[in-house]
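Reviewing the structure listed below.
The values are calculated or read from the model by the stated rules, or taken from the named source; none is laboratory data. Predicted model, so just to flag it, every value in this text is computed and none were measured. A quick note on method: Cβ atoms are made from the backbone with ideal geometry, for glycine too, and the neighbour counts reach across all protein chains shown. Note: areas computed on protein heavy atoms with side chains; ligands, DNA, RNA excluded. Shrake-Rupley method; radii C 1.70, N 1.55, O 1.52, S 1.80 Å.
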Amino acid sequence: MSNPQDILRAPHERIEQIQLEGFKKTAVNCYENIPFYKKSFDDAGFNPYAITSLADVAKAPFVTKQDLRDAYPYGMFAVPLDQVREIHMSSGTTGVATVGGYTKHDLDIWADCFARGLWYAGCGKGDVVQVAYGYGLFTGGLGAHYGSMRSGATVIPTSAGSTERQIRIMREMGTTALCCTPSYAMHIADTAIDMGLDPAKDFTLKCGIHGAEAFSDNLRAELERKLDYKVLDIYGLTETMGPGVAIECLEQNGLHLAEDHFYAEIIDPKTGELLPDGEWGELVLTSIDREACPVVRYRTRDITRIMPGACACGRTHRRIDRLHGRTDDMLIIRGVNVFPSQIEDVMETFPEVASWYRIELTRRNGLDVVTLKAEVNPDYAFDEIAAIERLQKRMKGAMKSALSVNIDVKIVEPKSIERSTGKAKRIVDLR
Amino acid sequence: MIEQITVFLENKEGRLTALCKTLGDAGINMHALTVADTADFGLVRIIADDPQRAVDVLQTAGYRAALTKVAAIQVPNEPGGLARLLETLDSLDVNIEYGYCFSMGADFSVDVLKVHHSGEVVSAIEAAGFRVLTNEDICA
C-alpha cells in the first residue's frame, strides 16, 4: 500500500480528477438511492448522468440541514442498513437531530481524514493521544478516536469531563496530543494551574487538535503559552462526516481541506451565487466517496473563504480560512449583522480582560440590547471603580467603532462565566 | 503606609458573605472593611492581619484579590479631626481617589486615603505633624 500521506502532496490536477470521478459516482448514487435527491435533481433539471467537469457541481441544487432533518431517521441513507456499521447524530439543540450513517469504507476515510491532523503536527506511532471530546452520538469523540488509531498513536479515551482526573492522566501517562474543544482545553489548563501545576512544564504535550467551535487567535496564543504545545484547528460536521473535513497544518495559516474526499464551494448565503476564491461566504460541501450518507452541495451555514495560493508547507490541498462563525451564530442587532468572532477580535486588543466571555441578548423597550460579559484578567490590578468604568467605556467605544453597534460591557469576576466540557456557550439569547 | 486588600466582587447575593467566610475559615481577622459598589460590581477594601496571606487565600479560592498601598493616618477622635487632615491635603494640592475612616478606641481614629504619588504625600503629611500608621500599628 502506498503512503496514505502521498495524496496530500499530489498535483492538484490529480486531485481534481479524483473529485470529478467521485462526484459522478456520488451524484448517481444519490439520484438512484435517495428519493430526496431524485426529486430535487429532477425539479432543478440536473442530470447526474451528464456530468463532464467539476463546473457541473454548481448546476446541482443545494441540500440544507432542514432537508436532512425532514429525512429523519433513514431518509438520507443510500445503502441498505446491513451495510451501515455506525450511526451518529448532530446535537439537535434547535430541533430534530440530523443522522449520519457510516459504512466500513466511510469509517475508514473518516479515520484517515482525522489522522492527517496528527500527522501534520508530527505525531503518530509512539505518541499518546488523549481524546477528551465527548464519546457518543457526537462525532468528536469517536472521530478523534478512529483518527488517532489510524495515525499509529496510542489512544487514551478519557472522553470529556472529570477534569482533575484528565490532568492526572495527562501527566502520569505522558500524553503528547490532546483532542478536545478549545474551550475545554483552556479549562484543563486553568484547572491544572489551580491544582498548583505548571502545565507548560508538567505536561509533555506536542499538539492539541481543537475544533467543534470557532476560537480566536488570542485564545490559541493563550492555550499555546499555558500548555507549551501547538494548537491545530480542525473543522467538520456530522452532516458530512465529522471532524476532519479540514485541518490546519503547522503553518497555522488556513485549514487544508480533505480534497480527495470533499469538494468545496463558497457561495453568497443570500443569493446562492458562487463566489471566487478569496471571498468570504458560506461553505458548501459535496462528498466525493461517502457511501452511506453522501451529500451533494450541502449548505454548511459556516462562513469562511477559500484561501488563494499555495501553503508554505508544500501540501497541495486547498485551504479554507478559520471560521468566522455559523450563519446561525450571526447576531442581528438592530438590523446590523454581527459575528461573535468580530467581538472577540475587539476583545483581543484589551489585555485587561481574559478571553472568556459571554454575550447576552435582551430586549429593553422593544430594542435589542447586547451585553458583553468579560472576565477580568487575573494579572490586571483593579483598585478604583473609576478605572473599571473607564475600561468598560473604552471597550464599548472600540466595539462601536468596529461593529457600528452599541454593546454594553460588563466586567465580571474571574471564572464566574460557566465553563463547559464540550462546546462553549458564548451566546445567551434572552429576547 | 499600609497594605490594603482590594477584592473585585460581582454585585450578587451571597458574594460578600462567602468572601468573609473564606477569610474567617483561614483564621484571618479583619480590622476594617468597606464596599464601594456600582449596579454590577463592587470593590471590597479590607484591612486585615497578614495581608499577603489573605490575598493568597482569596486567590486560591478564586477571588480577584490584590494588595494596594494606601495611607493610614491617625487623627484625634474628636469633632473636626478629619477636616483638619483634609485641609492639610488641600493645601498640598493632593487629590484623593477614595477614602474611609474607622475609630480605634476612644482616643484616635484612622483615616485611610488612596492618593497618587503617595511617598511624597506621606512625607508632607508627616511634616505637617500627622502620624502615618503601618499594618502593625493597626493590627497590633
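Summary table below
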quantity: Candidates A:Thr316, A:Thr362, filtered to the one that is surrounded by fewer than 17 Cβ atoms within 10 Å (Cβ to Cβ) and among the hydroxyl-bearing types (Ser, Thr, Tyr); calculated: A:Thr362
quantity: A:Arg225, sole failed condition from (1) open to solvent by 10 Å² or more (accessible area, probe 1.4 Å); (2) at positive phi; calculated: (2)
quantity: The one condition in (1) more than 14 Å from chain A (Cβ to nearest Cβ); (2) surrounded by 13 or more Cβ atoms within 10 Å (Cβ to Cβ); (3) without any contact (Cβ under 8 Å) to a residue 24 or more places away in the chain that B:Gln59 fails to fulfil; calculated: (1)
quantity: Odd one out for A:Ile51, checked against (1) among the aliphatic types (A, V, I, L, M); (2) open to solvent by 20 Å² or more (accessible area, probe 1.4 Å); (3) not in a helix (DSSP H, G or I); calculated: (2)
quantity: The one condition in (1) more than 18 Å from A:Val295 (Cα to Cα); (2) of a type outside the set (Asp, Glu); (3) more than 20 Å from the chain's Cα centre (by Cα) that A:Gln130 fails to fulfil; calculated: (3)
quantity: Selected residue (only one of B:Gly42, B:Gly14 is small (Gly, Ala, Ser), within 11 Å of another protein chain (Cβ to nearest Cβ) and open to solvent by less than 70 Å² (accessible area, probe 1.4 Å)); calculated: B:Gly42
quantity: Meets criteria (over 17 Å from the mean Cα position of the chain (by Cα), modelled with pLDDT of 95 or more and of a type in the set (Gly, Ala, Ser)) for A:Gly152; calculated: yes
quantity: Subset of segment B:84-95 [surrounded by fewer than 19 Cβ atoms within 10 Å (Cβ to Cβ) and more than 14 Å from chain A (Cβ to nearest Cβ)]; calculated: B:Arg84, B:Leu86, B:Glu87, B:Thr88, B:Asp90, B:Ser91, B:Leu92, B:Asp93
quantity: Evaluation of A:Gly281 against (1) open to solvent by 30 Å² or more (accessible area, probe 1.4 Å); (2) at pLDDT below 95; (3) more than 22 Å from A:Cys30 (Cβ to Cβ) (one fails), failing number; calculated: (1)
quantity: Any hit, segment A:214-232, residues being within 14 Å of the chain's Cα centre (by Cα), under 21 Å from A:Asp321 (Cβ atoms) and at pLDDT 95 or above; calculated: yes
quantity: Looking only at segment B:66-83, and only at residues there that are at the interface with chain A (Cβ under 10 Å from one of its Cβ atoms) and touching a strand residue (DSSP E or B) at 6+ places or on another chain (Cβ under 6 Å), the one that is surrounded by the most Cβ atoms within 10 Å (Cβ to Cβ); calculated: B:Val70
quantity: Contacts under 8 angstrom Cβ, first residue in segment A:366-382 being touching a residue at least 60 places away in the same chain (Cβ under 8 Å), partner part of a loop (DSSP other than H, G, I, E, B), 6 or more apart; calculated: A:Asp368/A:Arg334; A:Asp368/A:Arg431
quantity: Only one of A:Val79, A:Val57 that is in a helix (DSSP H, G or I) and in contact with a helix residue (DSSP H, G or I) (Cβ under 8 Å, 6 or more places away or on another chain); calculated: A:Val57
quantity: Residue, surrounded by the fewest Cβ atoms within 10 Å (Cβ to Cβ), within segment A:385-421, restricted to residues that are away from chain B (no Cβ under 13 Å) and under 27 Å from A:Ala212 (Cα atoms); calculated: A:Glu418
quantity: Residues (among the polar types (S, T, N, Q) and within 20 Å of A:Asp217 (Cα to Cα)) located in segment A:250-278; calculated: A:Gln252, A:Asn253
quantity: Flag for A:Asp43 being under 17 Å from A:Arg299 (Cα atoms), among the charged types (D, E, K, R) and either open to solvent by 20 Å² or more (accessible area, probe 1.4 Å) or assigned to a helix (DSSP H, G or I) (or both); calculated: no
quantity: Some residue of segment A:188-204 being outside any loop (DSSP other than H, G, I, E, B) and of a type in the set (Phe, Trp, Tyr); calculated: no
quantity: Candidates A:Leu367, A:Leu361, A:Leu403, filtered to the one that is in the same structural domain as A:Asp345 (by TED's automatic domain parsing), in contact with a helix residue (DSSP H, G or I) (Cβ under 8 Å, 6 or more places away or on another chain) and more than 22 Å from A:Ala221 (Cβ to Cβ); calculated: A:Leu403
quantity: Total residues in segment A:95-143, condition more than 24 Å from A:Arg9 (Cα to Cα), open to solvent by 20 Å² or more (accessible area, probe 1.4 Å) and free of Cβ contacts under 8 Å to residues at least 24 places away in the same chain; calculated: 2
quantity: The one condition in (1) at pLDDT below 90; (2) surrounded by fewer than 13 Cβ atoms within 10 Å (Cβ to Cβ); (3) closer than 16 Å to B:Ile5 by Cα that B:Gln52 fails to fulfil; calculated: (1)
quantity: Qualifying residue in segment B:121-133 (condition: open to solvent by less than 10 Å² (accessible area, probe 1.4 Å), outside the structural domain of B:Thr17 (by TED's automatic domain parsing) and of a type in the set (A, V, I, L, M, F, W, C)); calculated: yes
quantity: For A:Phe382: the one exception among (1) open to solvent by less than 60 Å² (accessible area, probe 1.4 Å); (2) at pLDDT 80 or above; (3) in contact with a strand residue (DSSP E or B) (Cβ under 9 Å, 6 or more places away or on another chain); calculated: (2)
quantity: Residue within segment B:102-116 that is within 14 Å of chain A (Cβ to nearest Cβ), under 14 Å from the mean Cα position of the chain (by Cα) and within 14 Å of B:Leu133 (Cβ to Cβ) present; calculated: yes
